[in-house]
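Read through the structure below, which is laid out as structure tokens, and then see the notes.
Where a number appears in this text, it was derived from the coordinates with a stated rule and is not lab data. What you see is a predicted model; the values in this text were computed from it and never measured. Cβ atoms come from the backbone with ideal geometry, glycine included; neighbour counts cover every protein chain shown.
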């Protein structure tokens, strides 16, 4: 019997993490990666850093061009998966090929959601989710006097930050009451908004765009629901993302908000796995089903999927929220269960200093740290993340953790103390 053929759809964080996990176990099995995007292999995390000119084009790269050869992978780049036949175990591709698989990993990522408003087809309107988008936005900046970003989530805020660094007069429009609604509480969001306004960014929350206005096919403005018209020559649409799973139609794979997977990243159909932005997993604290479309979880899920595809049974411990960004030089992070529901009995400890400005909110379940919200002081974000993910208290109580930054020396002393008990 020959080696199992592992086919991976998608060449970003989850897909490449799966390749590396498989190769740690099996050096020889055939692996084929199918990606609708051409080379290079790049990181979406680097897109806004390219737009801000903090890195050049190569700074977006995640792996070099020799990666597939070294990993003994057949890379079909610029080729999309069109349909899957789970009975025949074949994937039909946009190049006409029908590719047989033993294990199929759906790691196809997500695409930008474009709201159903008139004018989204105008020139000067871009999503920001591929390196092509990033290069188009970068090229459009010199001829624009004013820019607008629709959506103040993580991607939108990072685009706003990049525009501010480029000296572009920028407005951000967010339909929710405050910026970064999925990763910031009202206190940290207010601090971020003040930082943005101090840098000359116009922040419009609780506002919806109703129409994009054009002249000769080029965007010239945005009409909001109040009827007000705002003049702009460059618009980035950052209104959310949705998973790339059209090619799974008629496969029988169970799909809710994303592709439903079990603890081994297996879908409801034998031989098909899913990881990353497409996968609906379980939140490690609430037990609720979630699609956690963030880079660290894509890496974790891809690794778990790869190990299981290679025959090493490994369970995923569950998804954990972690978002980190910088707003005009002010770092902001939310980790784990940072915004617990009222009435669940969590203890919340907060320290705030508006002069610096800094904000530190830690969430405890008993004496177990389960969430953190940090603004302006980041030094122990990695320590807190480790404590939350591993669910280890180290005998450190809320009184130890809440007031100020904690050092690894304190943690190690606590471990030693626990070992002597």
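For residue 55 and residue 229, the FRET efficiency from 1/(1 + (r/R0)^6), where r spans their Cβ atoms and R0 equals 41 Å, is about 0.70.
Computed extension gain for residue 194 through residue 136, at 0.36 nm per residue and net of the alpha carbon distance, reaches 17.9 nm.
In plain terms, the chain from residue 97 to residue 70 could stretch by 7.3 nm, reckoned as 0.36 nm per residue minus the Cα-Cα distance. Pairwise Cα separations in the range 304-361 fall into 10 Å bins from 0 onward with the following percentages, short to long: 16, 31, 25, 18, 8, 1. Overall dimensions of the range 64-200, expressed as equivalent-ellipsoid semi-axes from the Cα gyration tensor (√(5λ), whole Å, largest first), are 38, 18, 16. To the nearest 0.05, how large is the calculated FRET efficiency for residue 145 and residue 3 if R₀ is 60 Å and r is the Cβ-Cβ distance? It comes out at approximately 0.55. Normalised by residue count, the chain yields a Cα convex hull volume of 167 Å³ per residue. The equivalent ellipsoid that matches the C-alpha gyration tensor of the range 199-252 spans semi-axes of 31, 16, 12 angstrom, in descending order. Its alpha carbons considered, the range 170-227 gives a radius of gyration followed by a Dmax of 13.4, 43 Å. Stokes-Einstein diffusion for the range 1-116 at 25 °C, viscosity 0.890 mPa s, with a Kirkwood radius from C-alpha pairs, works out to 161 µm²/s. Just so you know, the Cα atoms of the range 127-278 work out to an Rg and Dmax of 18.6, 54 Å. Under the criterion of Cα pairs below 8 Å and six or more residues apart, the relative contact order for the chain equals 15 percent. Taken along its three principal axes, the alpha carbon spread of the range 84-139 comes to 44, 25, 20 Å, from the longest extent down to the shortest.
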